[in-house]
Amino acid sequence: MKISLTLLWLMLIVSCEVDPIQPINPADGTSVVEMRTSFTEDWDSWRFDINGTAVSVRTSFTEDWDNWEFSYAGISGDIETSFSEDWDNWRLTTDGVSIQLRTSFSDDWDNWDIDDNYSSWHADVRTSFSEDFDDWDIILSEGSLSAGTTFSNDFDRWSVAGSFPEDLQLSFRIATLFVPVITAVMIENELIIP
């Protein structure tokens with residue numbers, strides 16, 4: 001009896017087939033973007049990997065949540081609140097670009113509007129479900145992406161699936177990706193209470 005149970009157990013294990021993980025192929029128009037803190041819970045320093053471009057995003061001074069800087073490939077810019085501690089209104093500026101990031105309604109951390117001041121470009125960035133700050137939808141006129149934390153309530157690491165338009169400037173991509181990150185940073189540092 002012991003031999004037949006062992007044999008049955010081995011047959012059961014061998015018959016189980018694991019589905020292989022299918023990597024997302026950038027050649028098919030889908031890209032994977034990641035955002036992560038430099039060190040666990042180091043909310044001041046982030047790295048965004050966007051289609052093979054590493055972007056450094058950090059506060060201008062330690063725990064200066066109003067003032068952020070980003071840089072990549074010799075290009076730099078700022079992301080700042082419009083007024084000190086006005087968490088609803090932000091501005092991203094770099095060479096020839098000025099992008100407004102703002103909540104759709106005051107203190108509505110679930111729903112943000114991103115607008116370029118010099119063109120009609122617009123994006124909506126909103127939580128997939130009300131007050132679920134782990135899952136976000138980035139909606140562009142050219143398509144959409146979804147951003148999510150790797151683990152629930154682990155705001156240190158994010159993965160983004162979907163496709164940015166190939167001709168969309170990197171600064172516009174940074175603006176949309178900054179929204180879930182800054183919202184998480186504000187929640188973690190008790191600057192906002194959802």
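The values are calculated or read from the model by the stated rules, or taken from the named source; none is laboratory data. Predicted model only: the values in this text are computed from it and were never measured. Virtual Cβ from ideal backbone geometry, glycine too; neighbours counted across all protein chains shown.
So the values come out like this:
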item	result
Residue that is nearest to the chain's Cα centre (by Cα), among those in the stretch 59-76 that are buried (at least 17 other Cβ atoms within 10 Å of the Cβ) and closer than 23 Å to Val32 by Cα	Phe70
Which numbered condition Ala161 fails, given (1) modelled with pLDDT under 95; (2) of a type outside the set (S, T, N, Q); (3) assigned to a loop (DSSP other than H, G, I, E, B)	(3)
Any chance Thr149 is under 21 Å from Trp68 (Cβ atoms), free of Cβ contacts under 8 Å to residues at least 60 places away in the same chain and of a type in the set (Ser, Thr, Tyr)	yes
Test: residue in the stretch 31-45 that is modelled with pLDDT of 95 or more, of a type in the set (Gly, Ala, Ser), closer than 22 Å to Asp134 by Cα and in a loop (DSSP other than H, G, I, E, B)	no
Residues (in contact with a helix residue (DSSP H, G or I) (Cβ under 9 Å, 6 or more places away or on another chain) and hydrophobic (A, V, I, L, M, F, W, C)) located in the stretch 93-138	Val97, Ile99, Leu101, Trp109, Trp112, Ile114, Trp121, Ala123, Val125, Phe133, Trp136, Ile138
Selected residue (criterion: nearest to the chain's Cα centre (by Cα)) from residues of the stretch 118-131 that are surrounded by 13 or more Cβ atoms within 10 Å (Cβ to Cβ) and outside any strand (DSSP E or B)	Ser128
Number of the exception - Gln100 against (1) closer than 28 Å to Phe39 by Cα; (2) modelled with pLDDT of 95 or more; (3) more than 10 Å from the chain's Cα centre (by Cα)	(1)
Ala147 being within 25 Å of Ser56 (Cβ to Cβ), of a type in the set (A, V, I, L, M) and touching a Phe, Trp or Tyr at 6+ places or on another chain (Cβ under 7 Å)	yes
Check on Leu177, part of a strand (DSSP E or B) and surrounded by 19 or more Cβ atoms within 10 Å (Cβ to Cβ)	no
Residue match in the stretch 79-97 (condition: in contact with a strand residue (DSSP E or B) (Cβ under 9 Å, 6 or more places away or on another chain), modelled with pLDDT under 95, more than 30 Å from Ile193 (Cβ to Cβ) and part of a loop (DSSP other than H, G, I, E, B))	yes
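So that you can scan it fast, the table gives a plain yes or no per residue for (1) farther than 19 Å from Val185 by Cα; (2) surrounded by 13 or more Cβ atoms within 10 Å (Cβ to Cβ); (3) touching a Cys at 6+ places or on another chain (Cβ under 6 Å); (4) in contact (Cβ under 8 Å) with a residue 60 or more places away in the chain:
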| position | (1), (2), (3), (4) |
| --- | --- |
| Leu92 | no, yes, no, yes |
| Ile99 | yes, yes, no, yes |
| Trp109 | no, yes, no, yes |
| Asp116 | yes, yes, no, no |
